[in-house]
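The values are calculated or read from the model by the stated rules, or taken from the named source; none is laboratory data. Quantities reported herein were computed from a predicted structural model and do not represent experimental measurements. Positions of Cβ are generated from backbone atoms using ideal geometry, with glycine treated the same way; all protein chains shown enter the neighbour counts.
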Amino acid sequence: MKLLLKFNLVFVLVFALGLAGAGYATRDLLQRHAQEEVLDNARMLMEKALAVRGYTSRQIAPLLETQMKYTFLPQSVPAYSATEVLATLQQKYPDYAYKEATLNPTNPRDRAVEWEVDIVNQFRNTPTLREFVGQRDTPGGRSLYVARPIQITDAACLRCHSTVEAAPKPMIDRYGPANGFGWMHNEIVGAQIVSVPMAVPMERADRELRLFMILLTGVFVLIGLALNLMLWKLVIQPVSRLSRIADRVSLGELDAPEFTTRSRDEIGTLAESFTRMRKSLVQAMKMLDG
């Protein structure tokens, strides 16, 4: 097997192993960054919902307190306001979702579905858990969600949710007496859940990975071509010339041309050694002839 072929086999093996290792590490890194980006977006939406809740509780509800004695205005309820604001955002970004999933809600649209019930029960079973992050498949693709518990820490909430008798009559007239009651202080009754699609960041990560692999492959190919050219010009070609001259000298052609090189590397040292050996051989042959 020729030297150039051996070199290229080793180079291709190293290239394949390096490409596979770099591809695996880069893919893992890009996917983690994409997930972190999605998680940051989800937490930002969660903070927006909390901001709307706080604004409604501090500034809107007091303004509507008098009217609430005669007509129930859901706009005064923090959970309703947060849901409505993010529902408006969802009209433009349909894959983004926010829900205050509750086990026993006053408003039927807030009732937790099966997978949301599991999250709420996880918060109820682990009261110290303040945030839960997970992924689930949706019709629009893979989605990441962030959930935080809804806990009754404000005693004022119990005015509407403790018993039917204590609840405002306008609220009973609007939603009926069947749901949203029996809540207790410090009880976890639901979970705020923000869902953010993962498709776009993951597709971007895949595109970046493909571009990186193409560029890395191009770099390896250029390095391989450069090394092959250097190996051919600096090693194989001089050694082949030296080998042909050595064959002729070994067959008794003492007038074979000398091997000349200007290099000061190992090939140059080999050429000098061959020249001295040849001169010694010529002198020895002349002494034998004499």
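Scanning region 219-226 finds one or more residues that are modelled with pLDDT of 70 or more and either surrounded by 16 or more Cβ atoms within 10 Å (Cβ to Cβ) or in contact with a helix residue (DSSP H, G or I) (Cβ under 6 Å, 6 or more places away or on another chain) (or both).
Total residues in region 51-71 satisfying the condition of being touching a residue at least 40 places away in the same chain (Cβ under 8 Å) and either within 19 Å of ASP154 (Cβ to Cβ) or outside the structural domain of PRO168 (by TED's automatic domain parsing) (or both): the figure is 1.
Have a look at ARG210, ARG142 and point out the one that is closer than 24 Å to GLN122 by Cβ, under 45 Å from the mean Cα position of the chain (by Cα) and at pLDDT 85 or above. Give the steps one after another, and end with the answer.
Details: ARG210 fails: closer than 24 Å to GLN122 by Cβ.
Just one listed residue meets the conditions, ARG142.
When region 33-87 is limited to residues that are among the aromatic types (Phe, Trp, Tyr) and part of a helix (DSSP H, G or I), the one that is surrounded by the fewest Cβ atoms within 10 Å (Cβ to Cβ) turns out to be TYR55. Scanning region 1-43 for residues that are in contact (Cβ under 8 Å) with a residue 24 or more places away in the chain and among the hydroxyl-bearing types (Ser, Thr, Tyr) yields a single hit, THR26. Only one of (1) within 27 Å of VAL120 (Cα to Cα); (2) surrounded by 14 or more Cβ atoms within 10 Å (Cβ to Cβ); (3) of a type outside the set (Asp, Glu) is not met by GLN91, so which one is it? Every condition holds for GLN91 apart from (2). Restricted to region 87-106, and to residues there that are in contact (Cβ under 8 Å) with a residue 24 or more places away in the chain and among the small types (Gly, Ala, Ser), the residue that is farthest from MET198 (Cα to Cα) is ALA101.
The rows are residues; the columns are (1) touching a strand residue (DSSP E or B) at 6+ places or on another chain (Cβ under 9 Å); (2) within 26 Å of LYS2 (Cβ to Cβ); (3) modelled with pLDDT under 70.
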site	(1), (2), (3)
LEU254	no, no, yes
ARG278	no, yes, no
LEU281	no, no, no
GLY290	no, no, yes
